[in-house]
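A.B. asks: Just passing along the structure, written as structure tokens.
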Amino acid sequence: MIGAPEQPPPDAPPQVTEAPRIPDAPPFPQAPLAGGVAGSYPAEPAPFADQEYVVQDYAGGEALTADSLVRRNPHGDPLMRRMGQGVRKAVGATAANDLRELADVTGRLARPVSTCRQIAVVSVRGGAGKTTLAALLGAVIAEHREDRVLAADADPGLGSLSLRLGVTAERSMHELAAVHPRSWEETSRYLSQAAHRLWVLSSTTGGRLGGELDLQTFRAAFGGLGRYFSASVIDCGAGILGGLQRGILATAHAQVLVTPATVDGALSARSALDWFAANDYGALLSRTVIALVTHTPHAYADLDQVQAMLSTGGMTVIHLPYDRHLATGTSIDLGRIGASTRTAATRIAADVFARSVGGTG
């Protein structure tokens, strides 16, 4: 009929109208790097976005993937901005600075280490962007190193680090804690591989919770992994007061404190810093990087004032801007995040890694 709306065929899939938002003690034994850390590796897998995080459909239908829930997966930068960046680089306006910064970052991230550097990523409360940043840090560090890097999901609840890194875990931290693997070949069966040389240790199996993660289980699973990795990025659960989080912080070589780039987020971060200083974590403050994460296209807080308030004591404060690709909440493709987002994530990674090995970047 003329003027009638076009009807989809009866076998067409339902249209998704809105993309759901996925929310976000004694020290461990440190063994020297061994087990082929600098040895040969299998061929690189596809980028994160080409790997599917499968969500089981318990209604009896076909399995769903995280990407199938996204209506549109945009690039972090709009097309016109990407074109402008290309023109500026083509005429050499920023080429020299880019080369100098790249050499500096590569040098810091590729620095040799004798033991695995443990980098904790924490937040005062949920929804700060902690897991997204942990995924970015693991990816950036692995991109610049020639040995293995680990991203560990230490959320005591239902963590989403595997989802953000585009992998589906067949085995979890709970299962690894119950065994005592004696080689890299045995250990790797309990891990999932993302892009480059990044490996993922999940607290869940196939996106399903296998039991609440506690400090004892985390230590049993994580304690023997250091010999195979040069760096580990640990995505802690929300909050800093729980026993699991405090146990991880007690042995961390450095930390990233993630907070929303809002007035409330800034004040909460300031209170967290005071808590660290008053509760025997004062030494960790000199090895702390603060990440201000913007979750909306418009930031209303005075970021200059916020950075000045939080940087007292020598801590680096870096702003991670709003990014349309990251806002989808699905697997992260480093090729699709915006240029300013990538620059900020790389700065955070380089600074916190340098601090973890004894430098301040």
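A.B. asks: When the range 110-158 is examined, which residues are found to be open to solvent by 10 Å² or more (accessible area, probe 1.4 Å), part of a helix (DSSP H, G or I) and in contact with a Leu (Cβ under 6 Å, 6 or more places away or on another chain)?
C.D. replies: Thr132, His144
A.B. asks: Any residue in the range 326-353 that is closer than 16 Å to Gly129 by Cα sitting within a Cβ distance under 9 Å of a residue that is open to solvent by less than 40 Å² (accessible area, probe 1.4 Å) and of a type in the set (S, T, N, Q)? List the pairs, counting only those 6 or more apart or interchain.
C.D. replies: Final answer for the pair search is Leu326/Thr132; Leu326/Thr341; Gly329/Thr132; Gly329/Ser160; Thr330/Thr65; Ser331/Gln51; Ile332/Thr132; Ile348/Thr316.
A.B. asks: Can you spot a residue in the range 179-195 that is more than 26 Å from His144 (Cβ to Cβ) and touching a helix residue (DSSP H, G or I) at 6+ places or on another chain (Cβ under 6 Å)?
C.D. replies: The answer is yes; a qualifying residue exists.
A.B. asks: A further question follows. Out of contact with any strand residue (DSSP E or B) (no Cβ under 7 Å at 6 or more places or on another chain), in a loop (DSSP other than H, G, I, E, B) and surrounded by fewer than 23 Cβ atoms within 10 Å (Cβ to Cβ): is that true of Gly166 in this structure? Show your work before the answer.
C.D. replies: Values: out of contact with any strand residue (DSSP E or B) (no Cβ under 7 Å at 6 or more places or on another chain): yes; in a loop (DSSP other than H, G, I, E, B): yes; surrounded by fewer than 23 Cβ atoms within 10 Å (Cβ to Cβ): no.
Criteria not met by Gly166.
A.B. asks: From the list Leu249, Leu310, Leu334, exactly one residue is hydrophobic (A, V, I, L, M, F, W, C), at pLDDT 95 or above and open to solvent by less than 40 Å² (accessible area, probe 1.4 Å). Which is it?
C.D. replies: Numbers: Leu310 fails: at pLDDT 95 or above; Leu334 fails: at pLDDT 95 or above.
It is Leu249.
A.B. asks: Which of (1) within 12 Å of the chain's Cα centre (by Cα); (2) in a helix (DSSP H, G or I) is the odd one out, the single condition Gln216 does not satisfy?
C.D. replies: Failed condition: (1).
The values are calculated or read from the model by the stated rules, or taken from the named source; none is laboratory data. Since this is a predicted model, take the numbers as computed values, not measurements. Methodologically, a virtual Cβ is constructed for each residue, glycine included, from the backbone with ideal geometry; neighbour enumeration extends over all protein chains shown. Just the protein is used for accessible areas: all its heavy atoms, side chains included, with ligands, DNA and RNA removed. Shrake-Rupley method; radii C 1.70, N 1.55, O 1.52, S 1.80 Å.
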